Amino acid sequence: MKKFTILICLIAFFGFSKLSAQDYGNKVDPLKLCIAIQSNNFISDAEAENALDRILSVIGASKRFVLQPCDNINNAVAVSYKGVRYILYDKAFMNSLASGNDWGNLFILAHEVGHHVNGHSLDLVLYATETVEAETLTSKRQQELEADEFAGFVLGKLGASLSETTSVLNSLSNDRDDTYSTHPSKSKRLLAVNAGHKKSLKNDKTNYLISSNEFFFSGLNKAKVKDYEGAITDFTRAIDFNPNNYKAYTNRGTSKRELNDYQGALADLTKAIELNPNVDTIYLARGSIKNFLRDSNGAIADASKAIELNPNNGRAYFNRGTSKMDLEDYYGATSDFTKAIELNPKYGKAYTNRGASKVLLNDYRGAFADLTKAIELIPNDKYAYLNRAYAKNGLNDKVGACNDARKAQSLGMDESDLKEIIRLTCN
């Protein structure tokens with residue numbers, strides 16, 4: 001049977017929190033965030049605000065996130081919600097900041113600022129809707145080290161000695177195996193803090209990191225409103241300030257892809273992987289471009305690496321299965337789509353592609369079941385109707401096949417893709 005069109009849907013990657021023009025004085029959303037962590041009322045804390053101002057004055061940053069009290073969490077937490085960045089903190093936990101010499105609590109606050117400055121905090125809305133994938137444990141540990149280095153830099157600039165800067169880690173960290181932990185071992189954290197503290201003692205440009213990330217977040221804003229040329233300009237400036245800003249390379253690459261500069265996108269994503277080879281979603285983004293350029297083997301290699309880094313990345317299985325279909329490995333493709341469905345039983349496109357693979361393997365009953373489920377999940381999926389028409393034809397249901405072909409036609413399917421199935425079933 002002649003090959004027919006299947007759905008190719010590779011996910012564009014923007015794996016970091018996106019800022020938008022929001023009201024930073026709104027108290028409703030931060031209250032919801034606090035209740036989500038610990039059900040308590042919130043009260044203002046001018047002392048903590050003053051401490052935050054001290055940190056921001058060191059790096060020359062604008063205050064582009066909300067400092068919000070949240071009682072009884074015994075910590076401080078950096079999160080983003082609806083495009084706004086927050087630091088939620090336990091007032092009792094931070095109540096000694098005003099004295100100016102409680103370096104432990106100041107370190108914790110600077111550490112959370114570091115998560116925002118480095119673009120670590122995933123937007124909770126994007127995460128909940130699966131717009132972005134959760135970070136792997138390896139990536140989370142790397143982010144903690146970056147935030148530690150930032151905190152070490154800030155406290156050094158504020159006059160803390162290295163021993164004062166690292167004192168808090170003695171009570172918060174240990175040197176047990178960190179393989180299955182979100183936080184690195186104490187020895188690794190101490191090295192990161194030491195590196196940041198050393199940078200604070202130099203006379204060179206001290207705001208390189210914040211300048212890079214200011215342009216990075218500006219680029220994210222522009223990409224969000226589809227100003228990809230402006231976004232590329234900002235990401236380039238971010239890279240100029242910090243050549244190791246792998247997130248800027250990643251997002252510049254995805255912006256270039258939107259402008260059909262596929263070779264430029266590949267180069268940027270490859271550079272991002274060189275700078276940080278442990279982020280599964282960057283491999284996923286590069287693999288999607290390789291698949292588009294018909295480098296199916298390269299796409300499979302990238303999807304496999306993403307799976308190695310994050311075995312629960314259903315999109316990586318989906319993308320790998322799609323590339324296997326291009327190589328006519330329909331059994332392998334079916335296996336990958338099955339894994340994607342196991343990880344997300346409502347993955348409609350995975351049902352569509354698995355159904356198409358089964359048609360090509362002459363498993364018409366299995367294909368019919370998958371494609372019917374795909375249509376249940378995505379009622380306007382023209383590819384699911386087209387492929388189900390082939391499945392029904394294989395089951396000798398000519399009338400049903402013709403009806404599905406006509407439905408695909410009404411949904412905008414190209415006439416050239418419908419020609420064969422209509423000839424087989426509608427005459």
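Observations on the model:
- All helices (runs of 4 or more DSSP H) inside segment 278-365 with 3 or more residues being farther than 26 Å from GLU376 by Cα: 280-292, 296-309
- A search for C-beta distances below 7 Å between a residue of segment 140-162 that is over 12 Å from VAL113 (Cβ atoms) and of a type in the set (A, V, I, L, M) and any residue that is part of a helix (DSSP H, G or I) and modelled with pLDDT of 85 or more, counting only pairs 6+ apart in sequence or on different chains, returns LEU145/LYS188; LEU145/ARG189; LEU145/ALA192; LEU162/ASN194; LEU162/HIS197.
- Exclusive hit being at positive phi and among the basic types (Lys, Arg), set LYS247, LYS256, LYS271, LYS226: LYS226
- Segment 170-191, residues that are of a type in the set (A, V, I, L, M) and at pLDDT 80 or above: LEU190, LEU191
- Conditions (1) farther than 25 Å from TYR390 by Cβ; (2) more than 17 Å from the chain's Cα centre (by Cα): number failed by GLY321: (1)
- Enumeration of residues in segment 310-340 that are buried (at least 21 other Cβ atoms within 10 Å of the Cβ), out of contact with any Lys or Arg (no Cβ under 7 Å at 6 or more places or on another chain) and aliphatic (A, V, I, L, M): ALA316, MET325, ALA340
- ASN396, sole failed condition from (1) crowded, with 17+ Cβ neighbours inside 10 Å; (2) out of contact with any Lys or Arg (no Cβ under 9 Å at 6 or more places or on another chain); (3) farther than 21 Å from ASP302 by Cα: (1)
- Residues of segment 376-392 classified as surrounded by 22 or more Cβ atoms within 10 Å (Cβ to Cβ) and either of a type in the set (Ser, Thr, Tyr) or farther than 19 Å from MET325 by Cβ (or both), total: 4
- Among residues of segment 320-331 that are under 11 Å from SER296 (Cα atoms), those with a beta-carbon under 6 Å from a residue that is acidic (Asp, Glu) at least six positions away or on a different chain give the pairs ARG320/ASP336; GLY321/ASP336.
- Search result, residues across segment 226-264 that are surrounded by fewer than 21 Cβ atoms within 10 Å (Cβ to Cβ) and within 20 Å of PHE292 (Cα to Cα): TYR228, GLU258, LEU259, ASN260, ASP261, TYR262, GLN263, GLY264
- Segment 138-180: number of residues that are surrounded by fewer than 19 Cβ atoms within 10 Å (Cβ to Cβ), under 21 Å from VAL77 (Cβ atoms) and of a type in the set (Gly, Ala, Ser): 1
- Residues of segment 210-251 satisfying the condition of being under 23 Å from ASP280 (Cα atoms), free of Cβ contacts under 8 Å to residues at least 40 places away in the same chain and either basic (Lys, Arg) or in contact with an Asp or Glu (Cβ under 7 Å, 6 or more places away or on another chain) (or both): GLY219, TYR249
- If you filter segment 271-301 down to residues that are farther than 25 Å from ARG141 by Cα and among the charged types (D, E, K, R), you find that the one that is modelled with the lowest pLDDT is ARG294.
The values are calculated or read from the model by the stated rules, or taken from the named source; none is laboratory data. Just so you know, these numbers come straight off a predicted model, no measurement behind them. Don't worry about glycine lacking a Cβ; one is built from the backbone with ideal geometry, like all the others, and counts go over all protein chains shown.
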